[in-house]
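Notes for the one structure printed next.
The values are calculated or read from the model by the stated rules, or taken from the named source; none is laboratory data. Note that the structure is a prediction, hence the values are computed from the model and not measured. Quick reminder, even Gly has a Cβ in these numbers, built from the backbone with ideal geometry, and neighbours come from all protein chains shown.
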Amino acid sequence: MIRPAEPDDVDAIVGLIGDLAEYERARHEVQIDAAALDTALFGSAPAVFAHVALVDGEVVGFALWFLSFSTWLGRHGIYLEDLYVRPEHRGGGHGRALLATLARIAVERGYGRLEWAVLDWNEPALAFYRALGAAALDEWTVHRLTDDALRGVAAQADRYHPGP
């Protein structure tokens with residue numbers, strides 16, 4: 001069963017985020033806790049959403065997503081930040097069901113895309129996505145500013161914004 005996440009699912013989702021990070025060899029990078037995720041999903045102005053996969057009432061997988069926008073299409077899309085199903089529940093169709101749910105939301109709302117990033121060494125995920133008909137955008141390279149680099153670029157903004 002797939003359904004939108006509820007506040008009672010937050011602890012399970014945080015645990016799955018940790019499991020995903022462990023799988024991706026990046027557990028040390030995870031900073032989220034239940035309070036932060038609860039605020040992001042269920043606060044006064046949520047900008048991130050989640051769906052969960054349930055087996056016998058237990059959360060065994062999740063998809064966490066947010067709206068993107070394509071200037072070329074002139075429409076919103078869905079950016080899938082994380083998709084994860086516990087290893088012992090893989091092969092049961094939960095990942096496919098989560099993606100199908102997001103695809104249905106995109107189609108029903110007139111969104112133009114459902115997209116995500118995959119680590120280049122994650123062959124099981126790459127094969128799964130290829131089997132669904134997803135196209136790899138190999139000509140695009142993801143860039144990211146964090147920590148000192150982010151703060152350094154932010155400090156440059158003052159020169160572009162005159163005082164009051």
Which number in (1) touching an Asp or Glu at 6+ places or on another chain (Cβ under 7 Å); (2) under 28 Å from G112 (Cβ atoms); (3) surrounded by 19 or more Cβ atoms within 10 Å (Cβ to Cβ) marks the one condition that G95 misses?
(1)
How many residues of the range 105-133 are over 21 Å from L20 (Cα atoms), of a type outside the set (K, R) and in a loop (DSSP other than H, G, I, E, B)? The answer is 4
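Within the range 142-151, does at least one residue satisfy the condition of being assigned to a helix (DSSP H, G or I) and among the acidic types (D, E)?
Applying the first criterion (assigned to a helix (DSSP H, G or I)) to the range 142-151 yields 147-151.
Adding the requirement that they be among the acidic types (D, E) leaves 147-148.
Yes, the range 142-151 contains at least one residue that is assigned to a helix (DSSP H, G or I) and among the acidic types (D, E).
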If H51 passes every condition in (1) under 28 Å from G91 (Cα atoms); (2) without any contact (Cβ under 8 Å) to a residue 12 or more places away in the chain but one, which one does it miss?
(2)
Those residues of the range 1-29 which are surrounded by 14 or more Cβ atoms within 10 Å (Cβ to Cβ) and either among the aliphatic types (A, V, I, L, M) or in contact with a Pro (Cβ under 7 Å, 6 or more places away or on another chain) (or both), in sequence order
I2, A5, V10, A12, I13, V14, L16, I17, L20, A21
When the range 21-48 is examined, which residues are found to be touching a helix residue (DSSP H, G or I) at 6+ places or on another chain (Cβ under 6 Å) and not in a loop (DSSP other than H, G, I, E, B)?
A21, R27, A34, L37, D38, F42
Scanning the range 54-100 for residues that are touching a Gly at 6+ places or on another chain (Cβ under 6 Å) and among the basic types (K, R) gives R75
Candidates R86, R109, R113 - the one that is under 19 Å from V52 (Cβ atoms), surrounded by 11 or more Cβ atoms within 10 Å (Cβ to Cβ), touching a strand residue (DSSP E or B) at 6+ places or on another chain (Cβ under 9 Å) and basic (K, R):
R86
Restricted to the range 53-65, and to residues that are aliphatic (A, V, I, L, M) and over 12 Å from the mean Cα position of the chain (by Cα), which residue is farthest from G15 (Cα to Cα)?
V55
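Specify which of the listed residues (G95, G61) is assigned to a strand (DSSP E or B), modelled with pLDDT of 90 or more and not aliphatic (A, V, I, L, M).
Values: G95 fails: assigned to a strand (DSSP E or B).
Of the residues listed, the single one that is assigned to a strand (DSSP E or B), modelled with pLDDT of 90 or more and not aliphatic (A, V, I, L, M) is G61.
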